[in-house]
Amino acid sequence: MERYDAAVIGAGVVGCAIARELSRYQLSICVLEKEPDVGSGNSSRNTGMLHAGFTYQPGSLKALCAVEGNREFDMVAEELDVPFRRSGKVVVGFTDTDKRNILKYKAIGEENGVRGLEMIDKQRLHAIEPGAGGEFAMYSPMSGILDPIQYTIALAENAHMNGARFFLDQEVLKLERVKDQYRITTSEGDITCRWIINSAGMYSTKISDMLGLIGYETKGFKGEYYVLDKKAGLGLKTPVYPAPNEKGGFATHATITIDGNILVGPDSYITAGREDYATTREHLAGLVNDGLKMFDKVRPEYFIRTFAGIRWKRIDPDTGTVQDFVIERREEAPYAVNLVGIESPGLTCALPLARRVVKKMQEKEVLKVNPAFCPIRKGIKRFGELSISEKRKLLREQPAYGEIVCRCEGVTRAEIEQAIHNPLGAHTVTAVKNRTRAMMGRCQGGYCETRISAIIQEELNKKVEDVLYQRRSSNMFVGKVRGGKDDA
Amino acid sequence: MLKEIACIMCPAGCDVEVEVSGGKIISVRGNTCPKGKEYVKREITDPQRNIATSVLICGGEQPLVSVRLNKPVAKDKIFSVMDEVKAAACTAPIEIGQVLLSDVASTGSDIIATKHIKRRGRENDED
Amino acid sequence: MRKTVVIIGGGPAGLAAAVRLYDEGIRDILIVEREKYLGGILRQCIHDGFGLTRFEATLSGPEYAQRFIDEVVERGIDYVTDTTVIDITAGKVVTAVSVRGLEQYQAAVVILAMGCRERTRHALSIPGTRPAGIYTAGVAQAYVNLRNIMPGKEVIILGSGDIGMIMARRMTLEGAHVQGVFEVQPYPSGLPRNIEQCLNDFDIPLYLSHTVVDIIGTSRLEGVTIAEVDEHLRPVSGTEVTHICDTLILSVGLIPENELSLAAGVELDSRTGGALVDEAYHTSAEGIFAAGNVLQVHDLVDFVSLEGERLARAVVEYLNGRRVKSTACIAVVCDPLIGYTVPQHITGEKDFVLSLRIRRPLRNCVIELQADGLSIQKVKMKKALPAEMIQIPVKADTVRNAGRVEVKVLC
C-alpha cells in the first residue's frame, strides 16, 4: 500500500497550490482528484479575476488572503509562466446610491490594505477605458486578470516537478484512522498517510464529515456565463463592473479575459446539486437581457460558449448568512487541515491559503525545507504568440510547430503533443484544450476536434472507444465504423 | 390513395401527384415533362437507390475508401448490400472507379471506389 | 516570394478558379491547401448528387473533386498541401506555415476560397450540460467517413439542413438508430430530394417547428428535451418531451470562414457572412477576390465551380487591365422576401450572374429585376425554397449607368 506524509484531497486551484507549497518541504505528497484532470470544479468555472480585496470584511481570512495573494501575483505568474495582466478594474456608477455603495467599499478596501484605490470622474474613466459607461467610478489599479485553468495546471505541474504525486480519476470513498495514520480508501485502492488536507471544494463538507469535523454547511450559489468572441472584446482592456449593491454583490457584468474574450455574467441563484453545472434557458436569457444593458455585443453572432460555476459558500446554519473561509486544525483530528467554504476569492487566495495550511502543520511538527525545491515551471510555448522571425526560428528547430491543428486559436501539433504528454497524466480531449486553448475558438473544435482525438489515439495508443471528452466515462465514440485490425 | 412526390430529375422540382389503387398507378398529375412522369412511376412501382458508404482498407494512407454503386439498385436491397460492404476489406493502393465488390448482393450492380487511396509505407516518398 | 495569384483553399472553388486561370494564360499560380489532400470538404461528402448539371452525372463528392484535381495536375499548376495560411495583409502578403517552415508570398491577386465552418451549439444558446456525444453534422461526417469512427448509437438530429439529413442516412446505414430530425422552422431547410432519400426511405420522422431546449447527461449524453415552437420560434411551455439518446447531431447552419479576410481588411456582408463583392467577385480590398462557400453558402457544388470560373475570368481581366480597386457603385437592393444577393453592388460594365436566396418557401412567384424602377427581367418560379439558391444571368446592357438595381418578388 502506498504511504505518504500528506494526502491533499481535491486538485482545484487551492489543492494544487497546497501541493506546491508542501513540496517546498521534505514531505512525500499525494494529491487525490476524482476527475480525470486538475481544476475540474469551480477552478475552471469563474471569471478569472485577481481580486484586490475591497469587498471583504476587514480582518477576515478572505480579506487578508486576497490582499496577500494580489500583491505577490506578478512574481507568481512569472515563476509559473502563466498568462496574467494587472489590468486594474473600474467600478462604475451613475446615481447617488451607487456613489454611496462604491465609497463604502473603497473604505473597506483601504482598511484591508488595498493600495491605489481612487475615485475618478467621467473623463478619467474614459481615458482608462473608453468602452465604459458611467458618471464616475472607483479605479482599482491592483486588480488583474488571469487564466484560472492555466494557473491551476501550472501550480500542479510545479508541485509535481518538486515531487508531489497526482492521482487523477481517483475518488476518496472512505477515511479511517488506523493508529497514527489515516487510511484512505479510494476508487483505485488504498493509501495511508500521516496528514490529510481537505481542499475538496464543493465536497469539502463531505470530507470534513468523514474527518469527524461535522456541522459545517455550505450553500451553492450558481452563476451562468456567456463567453463572447474576441472580436467583441476588441478595444477593451479593463474589466468594468457596475456599482455593487449594499451586500457587495455585483449585477450581471461583461468583463474582458486575459485572452481577449468577453465573459458576460455570472448571475446568481441557489442550487442544491453539488455538480449542477447545466446552463438553463431562463438564466441564459437573463444574461442576454441584462448584459445588453451594459454592453451592446451580447448577440448570437458573438456567442462562443456558455458555462456555469457554483460558489459553495459557508453559511451559518442558524442565520443563513455567508461566512468566512475556514482553515483549521482541531484536536478532534490533529493531523487534518480542514478547508471549508473556499469560494471567491479562492483563486486570488490560493497560495496564501496554502501557506496557512503549512503553518497549521507546523503547529504539530517541524517541517524540513526541501533544498531542491524549484519554484520555476515552464508552460507550453505558444506558436501563435511569436513574431514572424521567432516563428521561423522555432520551425527550423521543431517542425511540428508548423502543423496548425486548431485554426481558430492558431494551436500547432507540437503544442498538442506536449499537452497530451503532460506530467500529470491527464488524457482527455479537454485536458488538451485547457493546456493549449485548442477548441476554444469560434468553431468550438469543428475543425480540430477530429485531429486532436486522432493525435491522442496515436500518442497514447488508445482504442477508439477509450477516448474521453472531459469527465470519467465521457467516452466520445462507440467504436469503429469498420472493425478489424489495421496492418501497420 | 393520393401520394405526392417531389420529382428530383431537374432543379424545377415539380410536385407530382400520383393516384394509386391496388398497387397500380391510376393517374399522374403535376409533372411538366415526361422524365418526371417516369421518375414518379418508378418511385411507386420499383424505387431505385444509390448507396454511398465505406469499405475497410488495409495498408492504405487512410483507413477507409469511400464507395458507391455503379448503378442504382432496388430500394429494398439497401441493407443486403450494406451487409456485404461491412464484411468486405480491400488492400491499398485503390484507384477511383475500381470495382471492389462485383454484383454485390446479387443486384447486378458493383461497388466501386470513389477515391484514390495510396499505399502507406516505405515505398512512399518521405516528407 | 512573389506570386501572381495565390489561391487560399484547394476545394472546389479554388480548384475551378485555378484551372480556368491557367487556361486563360495565367501560369504563376499557387494553391495553398491546409489538408493533406486537395478537394476540400468534398472529400468527406461521399454521397452522390454532385455534378448533375456540370457533368450530367451523379457523382460522389470525392469523384467530383478528382475531376478538377486531375485537371490541376495535368496542367502542372503549383500547389502545396498540409500548409495553413495564418495571415493575409491588405497589401496581399500571404503568410503560410507548414512543417517545412514559414513562407510569405507577395501576391498580385489573392483568391479567397476557404469555405465555411459550422454553427455551434452555443451560438444557439442551447442550454444544459456539456457531455460527450454532441457533434455538428460535418464533424460527425468526418469521423464516420474519414476517420472510421462511429460517434454513437441512439441519435437525434437538430436541423433539417442537407448535411443533417445526409448524416441521418449515413448513421442509419452504419447501424445507428436515428430517432428523428427536428427543425425549428415550419418548413425543412434542406432539399426535397434529401427528405425523400435520407429520411422517408428509412422511416426517420421529421418534426417541423421543434427545437432542443435542454441537454442532459454528465459524462456522455443521456437525453435531450425537445419542445414545439410558436410562430416566433419560441419554445412553447408544456410541450417539452425528453428523448433518451446518446448522440445529438447539430445541423444548424454554415458560416463562411472569413477570419483571414478580416485580417486583410475585407468588408463583409452581415447577411451572407461573406465578402461584399461586385460582379467580378472583387472584394473591397483591391486585388482580393472571393468565391465559393466563403463568399456565400452554396447548396450545389456545380454552382461553386461556375462561380470559381467566373471569378477567374474576372481576375484575368484585372491582371491584364487596369489593376484598380472595384469601381462598383450601383447598389443591388433586395425585397424583404429576399435574404441577400451576390453581388451586392455592381459596376454595370459586364454581364454577370446574380445569386440570391428567398427567405421562406414561395409558390408561383415572379422574381423581377428593375433598373431605376424599370423592369429589366422577370423570372417565373413555380416553387422557390430558401434551400435552393436562385441564379439569374444579367446582361450589362440592361444595368449599365443605372442608379440602382432592385430585385423584387411578386406573388
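Below is a table of values for the structure above.
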item: Condition broken by C:C329, with the remaining ones in (1) hydrophobic (A, V, I, L, M, F, W, C); (2) closer than 23 Å to C:A275 by Cα; (3) surrounded by 14 or more Cβ atoms within 10 Å (Cβ to Cβ) satisfied; result: (3)
item: Output for segment C:1-30, where each listed residue is closer than 14 Å to C:E74 by Cα and in a loop (DSSP other than H, G, I, E, B); result: C:R27
item: Criterion (among the small types (G, A, S) and modelled with pLDDT of 95 or more) met by exactly one of C:A384, C:A314, C:A402; result: C:A314
item: Residue pairs meeting the criteria (Cβ under 6 Å; at least 6 apart or on separate chains; first over 23 Å from A:Y25 (Cα atoms), in segment A:159-185; second modelled with pLDDT of 95 or more and of a type in the set (A, V, I, L, M)); result: A:Q170/A:L32; A:V172/A:I9; A:V172/A:L32; A:V172/A:I184; A:L175/A:I184; A:L175/A:M210; A:T185/A:L173
item: Sole exception among (1) touching a His at 6+ places or on another chain (Cβ under 9 Å); (2) within 30 Å of A:T186 (Cα to Cα); (3) of a type outside the set (D, E) for A:C30, by number; result: (1)
item: Any hit, segment A:13-22, residues being under 21 Å from A:N338 (Cβ atoms), surrounded by fewer than 24 Cβ atoms within 10 Å (Cβ to Cβ), touching a strand residue (DSSP E or B) at 6+ places or on another chain (Cβ under 9 Å) and touching a residue at least 12 places away in the same chain (Cβ under 8 Å); result: no
item: In segment A:414-443, residue nearest to A:V82 (Cα to Cα) [restricted to those that are of a type in the set (D, E, K, R) and under 18 Å from the mean Cα position of the chain (by Cα)]; result: A:R435
item: Count of segment A:119-133 residues which are within 20 Å of A:H253 (Cβ to Cβ) and not in a helix (DSSP H, G or I); result: 7
item: Lone unmet requirement of (1) buried (at least 23 other Cβ atoms within 10 Å of the Cβ); (2) within 7 Å of another protein chain (Cβ to nearest Cβ); (3) touching a Pro at 6+ places or on another chain (Cβ under 8 Å) for A:I404; result: (3)
item: Among the residues listed as A:L213, A:L228, the single one being aliphatic (A, V, I, L, M) and farther than 30 Å from A:T319 by Cβ; result: A:L228
item: Residue count, segment C:126-166 (criterion: within 13 Å of chain A (Cβ to nearest Cβ), of a type outside the set (S, T, N, Q) and not in a loop (DSSP other than H, G, I, E, B)); result: 16
item: Number of the condition not met by A:F373 [criteria: (1) within 14 Å of another protein chain (Cβ to nearest Cβ); (2) part of a loop (DSSP other than H, G, I, E, B); (3) of a type in the set (F, W, Y)]; result: (1)
item: The lone exception for C:A402 - which of (1) of a type in the set (A, V, I, L, M, F, W, C); (2) in contact with a helix residue (DSSP H, G or I) (Cβ under 8 Å, 6 or more places away or on another chain); (3) farther than 27 Å from C:A113 by Cβ; (4) part of a loop (DSSP other than H, G, I, E, B) it fails; result: (2)
item: Any chance B:L64 is away from chain C (no Cβ under 11 Å) and either polar (S, T, N, Q) or surrounded by 18 or more Cβ atoms within 10 Å (Cβ to Cβ) (or both); result: no
item: Qualifying residues in segment A:409-442 (those that are facing chain C (nearest Cβ under 10 Å) and free of Cβ contacts under 8 Å to residues at least 40 places away in the same chain) - the one surrounded by the fewest Cβ atoms within 10 Å (Cβ to Cβ); result: A:G410
item: Top-ranked residue of segment B:11-34 - restricted to ones that are among the hydrophobic types (A, V, I, L, M, F, W, C) and within 14 Å of another protein chain (Cβ to nearest Cβ), ranked as farthest from C:A384 (Cα to Cα); result: B:V18
item: Residue check, A:E72 under 18 Å from A:K106 (Cα atoms), out of contact with any His (no Cβ under 6 Å at 6 or more places or on another chain) and acidic (D, E); result: no
item: 1 or more residues closer than 29 Å to C:Q141 by Cβ: qualifying strands (runs of 3 or more DSSP E) within segment B:9-64; result: B:52-58
item: Subset of segment B:67-83 that is surrounded by fewer than 17 Cβ atoms within 10 Å (Cβ to Cβ) and out of contact with any Pro (no Cβ under 9 Å at 6 or more places or on another chain) - its residue that is nearest to the other protein chains (Cβ to nearest Cβ); result: B:F79
item: Residues of segment C:97-125 that turn out to be facing chain A (nearest Cβ under 10 Å), in contact (Cβ under 8 Å) with a residue 60 or more places away in the chain, among the aliphatic types (A, V, I, L, M) and in a strand (DSSP E or B), as a count; result: 0
item: When residues of segment A:443-466 are limited to those that are among the aliphatic types (A, V, I, L, M) and within 19 Å of C:G138 (Cβ to Cβ), the one farthest from the other protein chains (Cβ to nearest Cβ); result: A:I452
item: Test: residue in segment C:178-189 that is farther than 19 Å from C:H122 by Cβ, touching a helix residue (DSSP H, G or I) at 6+ places or on another chain (Cβ under 9 Å) and within 13 Å of chain B (Cβ to nearest Cβ); result: yes
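Condition check ((1) among the β-branched types (V, I, T); (2) in the same structural domain as C:E349 (by TED's automatic domain parsing); (3) touching a residue at least 24 places away in the same chain (Cβ under 8 Å)) across all residues:
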{"site": "C:L221", "(1), (2), (3)": "no, no, yes"}
{"site": "C:E228", "(1), (2), (3)": "no, no, no"}
{"site": "C:V236", "(1), (2), (3)": "yes, no, no"}
{"site": "C:A263", "(1), (2), (3)": "no, no, yes"}
{"site": "C:V266", "(1), (2), (3)": "yes, no, yes"}
{"site": "C:A285", "(1), (2), (3)": "no, no, yes"}
{"site": "C:I288", "(1), (2), (3)": "yes, no, yes"}
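Conditions tested, residue by residue: (1) free of Cβ contacts under 8 Å to residues at least 60 places away in the same chain; (2) part of a strand (DSSP E or B); (3) under 28 Å from A:F84 (Cβ atoms).
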| position | (1), (2), (3) |
| --- | --- |
| A:D276 | yes, no, no |
| A:K297 | no, no, yes |
| A:T306 | no, yes, yes |
| A:R311 | no, yes, yes |
| A:E331 | yes, no, no |
| A:P334 | yes, no, no |
| A:S344 | no, no, yes |
| A:C349 | no, no, yes |
| A:L353 | no, no, yes |
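The values are calculated or read from the model by the stated rules, or taken from the named source; none is laboratory data. These numbers were taken from a predicted model, which means no experiment stands behind them. With ideal geometry, Cβ positions are generated from the backbone for all residues, glycine too; neighbour counts draw on all protein chains shown.
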